[in-house]
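To keep things clear, I will list the structure first and then write my remarks on it.
Every read-out reported here was derived from the displayed coordinates using simple, explicitly stated rules and does not represent laboratory data. Everything numeric in this text was worked out from a predicted model, so none of it was measured. Counting neighbours? That spans all protein chains shown, and the Cβs are built from the backbone with ideal geometry, glycine included.
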Amino acid sequence: MTIDIQTLIEQRPHLKDPLELYAKCLRFQSEAAILLPKERATMAPEDAKAYPREIAGDLFRLFISVFDLPAENFAPLGAALANGEIDFMRLPLDETPDLPELPHSKEELAGLFFLLSRPYFIALRETFPLDGNEWKDGRCPLCSAKAAITSVVEGPKRQLHCSFCGTVGPYRFIGCPNCGTVEAEKLNTIMSEDEPGFRITTCEACRTYVKVVEGTALQDMTLDLADMASLPLDIIAQGKGYARLAPNPISLKKMG
């Protein structure tokens, strides 16, 4: 049976705050799904890059409410959504919309847009399912995001997972999905006895890492929860100078 957030908090009380934030993310995603068109094809072409304009205001208010944000401070974001000025498909390419009216760093805005856009990307995957398609150049075949987490299944086979839309697809078993290097001497592994079922693979060529989840761990939790449960490994890898290229379910690339 899949573990739930509260049980995971009881097992890993040091992760209480990020897991409670993840619970808010799930609430936003589920309530936003009710507002979204059942068929993405019903969206007008000019709205296909983000939320349809007729529901943008409702989604913005839902976002503000769920994440307890001051509506007046984020009014420029609501206006940009309503005016069709946001292109969510640029986010997986690390292109954050420029909203000078918001006094936030680029990193903070990237996290904000990730949380706001995730229901859009989940709906995109449901409309255009590409699970099982190869991740060419280590990028999601649907939204072009880089992977930050992988799973290993019987074979052995390696699957890359998209943290934006959730698309899953194969990638060669040996090699860095971020830069493509296959030189064994540049690929290393970080493990911790405190995190069974998880490990980190690092690349000296590009100084990045991806998290690896064994198939056994996914018998007990979703991929998102597995990513959250293994946050300590992100901290270890980043403490050694390696970078994560795609956000986790609560929008973080950098830990701490």
The residues Arg90, Arg244, sorted from fewest to most surrounding Cβ atoms within 10 Å, come out as Arg90, Arg244
Rg followed by Dmax, in Å, when region 5-127 is reduced to its Cα trace: 15.1, 46
With 10 angstrom as the radius, rank Met255, Met221 by how many other C-beta atoms surround their C-beta, starting from the fewest. Met255, Met221
Using Cα centres only, tell me the gap between region 185-221 and region 67-121 in whole Å. 31
What angle do you read, to the nearest 10 degrees and between 0 and 90, between the alpha-carbon axis of helix 106-127 and the longest principal axis of the chain? 90
Dipole of the chain (Lys/Arg Cβ +1, Asp/Glu Cβ -1, origin at the Cα centre): which of Pro170, Val212, Pro119 lies farthest to the positive side? Pro170
Number of Lys pairs (Cα under 25 Å; 8 or more positions apart or on different chains) in region 18-151: 10
Return the single residue from Ile235, Ile64, Ile34 with maximal mean-square fluctuation; model: Gaussian network over the chain, springs between Cα atoms under 10 Å. Ile34
Just the Cα atoms of the chain: what Rg and Dmax do they give in Å? 18.3, 54
Sorting Lys211, Lys136 on the 10 Å Cβ count, fewest up front, what's the list? Lys136, Lys211
Checking Pro70, Pro37, Pro170 against a Gaussian network model of the chain (alpha-carbon springs below 10 Å), the top fluctuating residue turns out to be Pro70
May I ask which residue of Leu245, Val153, Gln6 lies farthest towards the positive end of the charge dipole of the chain, with charges of +1 (Lys, Arg) and -1 (Asp, Glu) on Cβ and the Cα centre as origin? Val153
